[in-house]
Amino acid sequence: MQTHNPLTSLQPLLWDVFCQVIDNFGDIGVCWRLCVDLAARGHSVRLWVDDPSALQWMAPGAMDGTWTAIQVLPMSRCEDASALATLPPADVWVEGFGCEIATTFVASYAYSTRAGGQNSTQFPAWINLEYLSAERYVERSHGLPSPILHGPAQGWTKHFFYPGFSARTGGLLRETDLLTRQQDFADKDRRSQWLKKLGIAWSGERLVSLFCYEPTALPALLTRLNELPGPTLVLVTAGRAAAAARHATRLLPPLHQVSLTYLPTLTQVEYDQLLWACDLNGVRGEDSLVRAIWAGKPLLWQIYPQHDAAHIDKLNAFLDVLNASDSLRAIHHAWNGTDPHPSTAALPEIRLQEWSETVQSARTRLLQMDDLVTQLVDFVQKKR
């Protein structure tokens, strides 16, 4: 793993991170992990968010200011010029996933800067943090400038920052202590203790986590798990996955080898531990996919469906990154309903050992890259 870490020798910065919660908590999940990672490395962060409710269970205490160096602020305050005037200006602005910063906020900074006689080199580094994809356009687009041609920030430049799976992208979120925490969890075999805290009596069954939308193939997946030798315990996350699982079980005859346990809402730390504990992880969206890769266990990703079917290319690009086998490709397309030649047969066979080797190999390759925060801070420092 690369050891380059420019953060250790650079001056801490003040970051404004902007997040608009669109759907499914993915935006707030990624933005919060970014904030936590920045703070852990000595930076100060203000997270501006329009709907912080998910933080109540995702990061307890976030709204009360108990997280060191992180302040959560309502997005509506970006429109309050008098309130903004009391805040110290940030060194960096990060628009999470194209979340546009309010004109009042930009104007407040721009006018105060010009009034103070400061020059353009002291304007904040302005970053548009994009969605994760393995598609080729990411390498072409990463780091590109976007000049501001109109409005109070005219003459400034915004830059696109793309997370990704190759050295020509911005990398993936990975805290500096992630591997140590994960190894400690494995070395001390904390699965039993962790499950016991959740009130789950575990007797050594195969463990499968389920975080999904409403896959039509869920009954078929449960049937396939029921056919495996030995019992399987499916740990179902709260929300849409739980509703989907309850619906799926009503469509099936009794499952003699599979049992389901419905989990409470989990913090981000607990969710990582869930992935470490399981033998197969069903994940969805962006944040949980990255965490499943770092967990190094077989994974089944349900990509967020798009009306123009653009998600199919995105799925195939990710499977290419994994160097996925035919079986892993087949089950992903069946799981996502994207198989161009759907079969009336059941879901493809589950091959945990083969898929485990595939994910482990991809994980090893990705660990050779600098993580997203290391690259982001380096990028910002150069632009400043």
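Brief remarks follow.
- Taking the listed residues Asp370, Asp308, Asp378, Asp313, the one that is closer than 21 Å to Ser133 by Cα, acidic (Asp, Glu), assigned to a helix (DSSP H, G or I) and open to solvent by 10 Å² or more (accessible area, probe 1.4 Å) is Asp313, with no other qualifying.
- Test: residue in region 81-89 that is of a type in the set (A, V, I, L, M), more than 24 Å from Phe160 (Cα to Cα), open to solvent by less than 40 Å² (accessible area, probe 1.4 Å) and more than 25 Å from the chain's Cα centre (by Cα): yes
- Given (1) more than 21 Å from Lys382 (Cα to Cα); (2) in contact with a Lys or Arg (Cβ under 8 Å, 6 or more places away or on another chain); (3) open to solvent by less than 30 Å² (accessible area, probe 1.4 Å), index of the condition Glu135 fails: (3)
- Test for Arg174: is it at pLDDT 95 or above, under 22 Å from the mean Cα position of the chain (by Cα) and surrounded by fewer than 16 Cβ atoms within 10 Å (Cβ to Cβ): no
- Among residues of region 21-48 that are among the hydrophobic types (A, V, I, L, M, F, W, C) and open to solvent by 10 Å² or more (accessible area, probe 1.4 Å), those with a beta-carbon under 6 Å from a residue that is modelled with pLDDT of 95 or more and part of a strand (DSSP E or B) at least six positions away or on a different chain give the pairs Ala39/Val45; Ala39/Ile70.
- Tally of residues being of a type in the set (A, V, I, L, M, F, W, C) and modelled with pLDDT under 95 across region 335-377: 3
- Asp339 falls short on exactly one of the conditions (1) under 24 Å from Arg240 (Cα atoms); (2) in a loop (DSSP other than H, G, I, E, B); (3) open to solvent by less than 20 Å² (accessible area, probe 1.4 Å), and that condition is (3).
- Residue list for region 149-194, filter: of a type in the set (Lys, Arg) and not in a loop (DSSP other than H, G, I, E, B): Lys158, Arg181, Arg191
- Residues (touching a residue at least 40 places away in the same chain (Cβ under 8 Å) and part of a helix (DSSP H, G or I)) located in region 79-104: Thr103
- Test: Ala59 is crowded, with 18+ Cβ neighbours inside 10 Å and under 15 Å from Ala107 (Cα atoms): no
- Here Gly171 meets each of (1) touching a Leu at 6+ places or on another chain (Cβ under 7 Å); (2) at negative phi with one exception, condition (2).
- Unmet requirement for Ser356, which otherwise passes all of (1) without any contact (Cβ under 8 Å) to a residue 24 or more places away in the chain; (2) open to solvent by less than 40 Å² (accessible area, probe 1.4 Å): (1)
The values are calculated or read from the model by the stated rules, or taken from the named source; none is laboratory data. None of these values were measured; they are calculated from a predicted model. Here the Cβ is made from the backbone with ideal geometry for all residues, glycine too, and neighbour counts use every protein chain on show. These accessible areas exclude ligands, DNA and RNA; they are computed on the full protein's heavy atoms, side chains included. Shrake-Rupley method; radii C 1.70, N 1.55, O 1.52, S 1.80 Å.
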